[in-house]
Amino acid sequence: MEQKKFRDMSQDERLQYLKIKTNLSEKEIDLFRNTGGLNFNTINGMVENAIGVFPLPIGIATNFVINNKEYLIPMAIEEPSVIAAASNAAKIAGRGGGFVADVDDSIMIGQIQLIPDSNNSINKSEIDDIIKVLQDNKNKITSLANTKSKFAECIDIKIRHIEDKSINSLGIMIIVEILVDVKDAMGANVVNTMCEGIAPEIELLTGGETILKILSNYATERLVRCKAIFPRDLIGGEDVLRRILFAYAMAYTDVYRAVTHNKGIMNGIDSVAIATGQDFRAIEAGCHAYACRDGHYKSLTKWYQNSNGDLVGEIEIPMAVGTVGGITNTHPIVKSCLKLLNVSSSKELATIMAASGLAQNFSAIRALADEGIQKGHMKLHSKNIAIMAGATDNMIELVSKKMVEEKNVSVSRAKEILETLNKKGV
Ligand code: MEV
């Protein structure tokens, strides 16, 4: 009998298959059976060849006040100290009046790549003719795009041309860009549908050939801006503040530092994105391109002192997030996270993302400018080490505390402490 295809197997059959074909033990296979708050049919509908779920810790960042509203922010992340750092920064920002954010409308860009018929020999006036035809038919194309969605609205079309700079030198191509207000959705599906829906009309009008028809993840028409004041006396002194400005100077100027600085910002943003079911790869890609918008990759945040001498932080980033569509309607944990956040729109969710990134960045550069990050990090990491050494329940705290006191956080020391505590009958 022919072997069933993996995709046609039940979860049990897939796990049995892995047991035969791989070196996983029964115990390791069993780890995949527990699908947490999700039932297997749901995850099997989300991705192909599903076998289980990948659990990540989820915690709540506290103290956030954004545009005068209090938030408890769910963050899904494996890295210790991110949630504590965000909460701590939010507390300090709260004393400076909280985060103030504003967001553009939810405009996403869809791109249609149009190759003129006689591509290689096309001249400037022929390009201008094609662009003119498209300009003259803007309303027709826009109306056609709008027949493809019940909620989103194509509000404009932009046309430009580019020349292939790759080794293939394929010549000139025209890029038709549709600007779509996707409201509370992230927008990928609706924009892709519109792009594919209008491409045949574009070919008909111009006699050209369309190749790519796809959303751009560079959401430059959907920016969020957020600002917070961190009072100088809560930062750790004038000298720490001075050193923070040097940290920013380095992140603005040096790409090796800028990448790490922005990685810290993404710690905050991605963890909220994961908890709320967003496409964090799209957010990452967009933010990093934005960091490079003027030709050199630099810090996504800005830091300076105001006239009171307090530290001001600002962030501006593209933010394509949705509170409807995607897994926001199907993933029970995502649904609960959105509910506990109590957001009423994708714009509001974007402000939370931006504030989380800014808060995270503040804590990172504050720690780096002062005592360094290892002290706080090891304190939180020591709990992991205690668990790795075999500590359970209240022993985790006891072992971790002792290691931190001794400034010796290691599995071998954790084992020794555990043994001593066990002998004492603690
Ligand atoms: C670690 O995940 C993030 C940091 O490296 C960010 C930074 O250096 O600014 C601490």
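Before moving on, here are some points about what is shown:
- Considering only 378, 398, 412, the residue lying farthest towards the positive end of the dipole of the stretch 376-423 is 378, judged by Cα position with unit charges set on Cβ.
- If you take the Cα centroid of the stretch 2-26 and the Cα centroid of the stretch 379-395, the two points sit 35 Å apart.
- Mean separation of Cα pairs under 8 Å and 6 or more residues apart, divided by the residue count, gives the chain a relative contact order of 18 percent.
- Euclidean distance of C-alpha centroids, the stretch 265-312 and the stretch 122-136, integer Å: 38 Å
- In summary, the stretch 206-305 shows an alpha-carbon radius of gyration equal to 1.39 times the 2.2 N^0.38 Å reference for compact globular proteins.
- Most mobile of 217, 137, 88 in a GNM of the chain (Cα contacts under 10 Å): 137
- Against the chain, whose longest principal axis is taken from its Cα atoms, helix 411-423 shows a tilt of about 40°.
- The stretch 336-351 - phi-based ³J(HN,Hα) in whole Hz, Karplus 6.51/-1.76/1.60, Gly and Pro as x: 5, 5, 5, 5, 5, 5, 6, 9, 9, 7, 5, 5, 5, 4, 4, 5
- In this structure the stretch 1-135 gives 59 Å² per residue of accessible area when probed at 1.4 Å with all protein chains present.
- Put simply, the Cα atoms of the chain extend 87, 78, 44 Å along their principal axes, the longest span coming first.
- For the chain, the longest principal axis of the Cα atoms and the long axis of helix 255-275 meet at an angle of about 90 degrees.
- Mean ellipticity per residue at 222 nm, deg cm²/dmol - from DSSP H runs of n ≥ 4 across the chain, formula -39500 (n - 2.57): -15000 deg cm²/dmol
- Volume per residue of the C-alpha convex hull in the stretch 6-46, rounded to whole Å³: 68 Å³
- Across the stretch 125-133, rounded Karplus estimates of 3J(HN,Hα) from the backbone phi angles (6.51 cos²θ - 1.76 cosθ + 1.60, θ = phi - 60°) give 6, 5, 4, 4, 4, 5, 4, 5, 4 Hz, Gly and Pro being marked x.
- Links that overshoot a 24 Å alpha carbon limit, given the list 302/347; 383/424; 140/165; 375/401: 140/165
- Amide H partners (placed H, <5 Å) of residue 106, local residues excluded: 182, 183
- Ranking by accessible area, most exposed first, for 14, 232, 7 with a 1.4 Å probe: 7, 232, 14
- A full extension of the chain between residue 124 and residue 204 corresponds to an added length of 26.7 nm, given 0.36 nm per residue minus the alpha carbon distance.
- Relative compactness, the stretch 376-423, computed as alpha-carbon Rg over 2.2 N^0.38 Å: 0.94
- Convex hull volume per residue in cubic angstrom - Cα atoms of the stretch 107-216: 87 Å³
- Dipole of the stretch 73-187 computed with +1 at Lys/Arg Cβ and -1 at Asp/Glu Cβ about the Cα centre; of 139, 77, 88, farthest Cα towards the positive end is 88.
- In the stretch 152-196, GluC sites (Glu not before Pro) in a DSSP loop with at most 10 other beta-carbon atoms within 10 Å: none
- Residue 419 contributes an accessible area of around 110 Å² to the protein surface, as traced by a 1.4 Å probe with all chains present.
- For the stretch 360-426, the set of trypsin sites (Lys or Arg not before Pro) satisfying both a DSSP loop assignment and a count of at most 14 other C-beta atoms within 10 Å is given as 407, 424.
- Rolling a 1.4 angstrom probe over the chain with all protein chains present gives an accessible area of which 53% lies on carbon and sulfur atoms.
- Couplings 3J(HN,Hα) of the stretch 76-81, computed from phi: 9, 6, 8, 8, x, 5 Hz, in residue order, whole Hz [Karplus 6.51 cos²θ - 1.76 cosθ + 1.60, θ = phi - 60°; x for Gly and Pro].
The values are calculated or read from the model by the stated rules, or taken from the named source; none is laboratory data. Remember, predicted model here, so these are calculated numbers, not experimental data. Note: ideal-geometry Cβ built from the backbone for every residue, glycine included; neighbour counts use all protein chains shown. Ligands, DNA and RNA are excluded from the accessible area calculation, which covers all protein heavy atoms including side chains. Shrake-Rupley method; radii C 1.70, N 1.55, O 1.52, S 1.80 Å.
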